[in-house]
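Since the structure comes first, as structure tokens, the remarks are kept for the end.
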Amino acid sequence: MDKYFRPKVPLGDQGEEQMGGKSRQRACTRLGKRILVVEDEEAIREMVSSVLASADYHCRAVSSGKEALSLLQSGKRFDLMLCDLRNKPHGVILLALTKEKFPEMPVVIMTAPCCACTANFAANEMGASAVLLKPFDCTELLVTLYRALEGSRLPVFHNIGVA
């Protein structure tokens with residue numbers, strides 16, 4: 001198993017509670033939402049795509065920020081971008097360019113704990129909707145994306161208790 005992704009955990013009742021107590025039926029507002037995943041590590045990209053597809057999201061995964069920018073500039077519409085911080089171009093640059101052209105689109109930053117300061121800056125100063133620290137599990141991923149799509153501001157960090 002990849003060191004940046006814990007094994008799949010079913011959403012279940014705990015996930016519903018973390019989604020703000022809304023019922024499973026209400027949580028299905030995610031159906032048809034398009035997520036752009038930008039991750040250079042193939043194993044993580046494939047796992048995240050698989051989890052999102054199993055949760056009824058439409059997922060497009062690319063390996064670089066350059067590919068993501070090309071897709072966005074081509075007119076493809078996405079409801080949210082999930083972006084690795086350490087990418088080419090850097091996730092902060094990708095965030096800035098995305099927010100410039102698509103200010104309403106939520107952007108969730110994924111990163112390893114070693115990049116927490118940069119991720120904090122991205123969230124607090126540049127408009128990222130949330131930061132998801134690796135390793136994360138399926139429930140954390142789905143709850144974070146759900147809240148970002150619903151417009152909720154999340155605590156900046158998961159897993160380490162820093163706000």
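Here is a list: 142, 149. Which entry is at pLDDT 75 or above, in a helix (DSSP H, G or I), in contact with a Pro (Cβ under 7 Å, 6 or more places away or on another chain) and within 23 Å of residue 68 (Cα to Cα)? Let's see the steps before the verdict.
Working: 142 fails: in contact with a Pro (Cβ under 7 Å, 6 or more places away or on another chain).
After ruling out the rest, the residue left standing is 149.
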Could you run through the range 62-79 and say how many residues are under 23 Å from residue 113 (Cβ atoms) and buried (at least 21 other Cβ atoms within 10 Å of the Cβ)?
1
Going through 134, 76 one at a time, which residue ends up being modelled with pLDDT of 85 or more and either farther than 18 Å from residue 44 by Cβ or touching a His at 6+ places or on another chain (Cβ under 7 Å) (or both)?
76
Out of (1) at pLDDT 85 or above; (2) under 13 Å from the mean Cα position of the chain (by Cα); (3) in a helix (DSSP H, G or I), what's the single condition that is false for residue 93?
(2)
Restricting to the range 80-90, and then to whatever is in contact with a Lys or Arg (Cβ under 9 Å, 6 or more places away or on another chain) and modelled with pLDDT of 90 or more, can you tell me which residue is surrounded by the most Cβ atoms within 10 Å (Cβ to Cβ)?
84
From the set of residues in the range 103-125 that are surrounded by fewer than 20 Cβ atoms within 10 Å (Cβ to Cβ) and at pLDDT 85 or above, which is farthest from residue 34 (Cα to Cα)?
103
Answer yes if at least one residue in the range 39-54 is on the phi > 0 side of the Ramachandran plot and modelled with pLDDT under 95, and no otherwise.
no
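Of the residues 76, 88, 66, which single one is on the phi < 0 side of the Ramachandran plot, part of a loop (DSSP other than H, G, I, E, B) and out of contact with any Gly (no Cβ under 8 Å at 6 or more places or on another chain)?
Numbers: 88 fails: out of contact with any Gly (no Cβ under 8 Å at 6 or more places or on another chain); 66 fails: part of a loop (DSSP other than H, G, I, E, B).
Of 76, 88, 66, the one residue that is on the phi < 0 side of the Ramachandran plot, part of a loop (DSSP other than H, G, I, E, B) and out of contact with any Gly (no Cβ under 8 Å at 6 or more places or on another chain) is 76.
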Please identify the pairs in which a residue from the range 75-97 that is more than 15 Å from residue 61 (Cα to Cα) has its Cβ atom under 6 Å from the Cβ atom of a residue that is among the small types (Gly, Ala, Ser) and in a loop (DSSP other than H, G, I, E, B), counting only partners at least 6 apart or on another chain.
95/128
Of the residues in the range 37-56, those that are touching a helix residue (DSSP H, G or I) at 6+ places or on another chain (Cβ under 6 Å) and either assigned to a helix (DSSP H, G or I) or closer than 22 Å to residue 103 by Cβ (or both) number 3
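The values are calculated or read from the model by the stated rules, or taken from the named source; none is laboratory data. Model, not experiment: these values are computed from the prediction. Here Cβ is always computed from backbone atoms with ideal geometry, including for glycine, and neighbour counts include all displayed protein chains.
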